[in-house]
Amino acid sequence: RKTVWKAVYQSLKPGETRNGSGNCLIFLLFAGLMVKVPVGLYFSCKLLLFQSLMLMSPEDSAFYATIVSVVGLHVVLATFVFIVWEEGLPQWRENKND
């Protein structure tokens, strides 16, 4: 039985052309990560890091946790752009040489 994670891993292998389902899996994976990573970082940093360990007020911890979650979102977005760029780059070079 083929799991979703095996399908995503196989669709992320470099040097292979992806079919439509591989592209869809990558898009769905990163769409989920763009929601889960910032929310998870916000609440974990706010409660565990800033309020519990650093003993900040709830307002201050919310401010700094927001900054951490925005940085996490940008990391996920940059990773998605990099993967998409690497996929289309060889095709662009072939068209440029023609």
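Just so you know, all these numbers are worked out from the coordinates, no wet-lab data involved. Computed from a prediction, not measured in an experiment: that's the story for all the values here. Cβ sites come from the backbone with ideal geometry, for glycine too, and all protein chains shown count toward neighbours.
What does the highest-first list of 27-39, 61-73 look like by mean Cβ count within 10 Å?
In descending order of packing, they fall as 61-73, 27-39.
Hey, for a label at LEU77 modelled as a point 7 Å past Cα toward Cβ, could you say which residues of segment 34-63 have their backbone N under 17 Å away?
Inside the label zone: 34-42.
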